[in-house]
1. As a test of reading the structure, rank TYR14, TYR90 by solvent-accessible area (1.4 Å probe, protein chains only), most first.
2. Using the Karplus equation 6.51 cos²θ - 1.76 cosθ + 1.60 (θ = phi - 60°), what ³J(HN,Hα) coupling, rounded to whole Hz, does each residue of the range 81-93 give in order, writing x for Gly and Pro?
3. ³J(HN,Hα) across the range 15-23 via Karplus (A = 6.51, B = -1.76, C = 1.60, θ = phi - 60°), whole Hz, x for Gly/Pro?
4. Residues in the range 26-68, backbone N under 14 Å from the label point at THR3 (7 Å along the Cα-to-beta-carbon vector): list them, ranges by number please.
5. Whole-Hz ³J(HN,Hα) for each residue in the range 42-58, computed from phi via Karplus 6.51 cos²θ - 1.76 cosθ + 1.60 with θ = phi - 60°, x for glycine and proline: what do you get?
6. ASP89: accessible area at probe 1.4 Å, nearest 10 Å²?
7. Leaving ligands, DNA and RNA out of it, report the carbon-plus-sulfur percent of the accessible area of the chain at a 1.4 Å probe.
8. On average, how much accessible surface per residue is there in the chain, in Å², for a 1.4 Å probe, leaving out ligands, DNA and RNA?
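The values are calculated or read from the model by the stated rules, or taken from the named source; none is laboratory data. Note that the coordinates shown come from a computational prediction; the quantities given were computed from them, not determined experimentally. All Cβ positions, glycine included, derive from the backbone under ideal geometry; neighbour counts span all protein chains shown. These area figures cover heavy atoms from the full protein model, side chains too; ligands, DNA and RNA do not enter into them. Shrake-Rupley method; radii C 1.70, N 1.55, O 1.52, S 1.80 Å.
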Amino acid sequence: VTTEGCLATADGAYDSRSLGSLSVRGKAERVPVHEVFDCDAPSLRAGKLASRATLEEGLRRLAAGDLDEASRALRSVVETIPDDPVALDYLARAMTARRSRLLGHERPSPS
């Protein structure tokens, strides 16, 4: 995992995908982070490359509170890579938020 700023200095030398943004101690704003996956097994790397745009769309939808579309996109990533911990975690967040919304216990977006 690396920051967007650090990855930018590599000038496209590594395969990566966005993991959204995280709160970091000492920073006033959330920090965009990326997963670098060049060293993953070839089949896993291929799956991450193939589903990268879909994951990023799911994360954008999740951050915007569009939980149905976020769930759809993230479920698609899990279908491509069934044991992807990132997609599984964000899918669980989206589904929990959808359930809370349906029950009237809405909380801020789980991005």
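1. TYR14, TYR90
2. Here the 3J(HN,Hα) series is 10, x, 10, 6, x, 5, 5, 4, 5, 5, 5, 4, 4 Hz.
3. Rounded to whole hertz, the list is 7, 8, 9, 5, 10, x, 10, 10, 6.
4. 26-34
5. x, 5, 5, 4, 4, x, 5, 5, 5, 9, 4, 5, 5, 4, 5, 5, x
6. Spelled out: ASP89, probe radius 1.4 Å, area about 70 Å².
7. Whole-percent figure for carbon plus sulfur exposure: 53.
8. On a per-residue basis, 61 Å².
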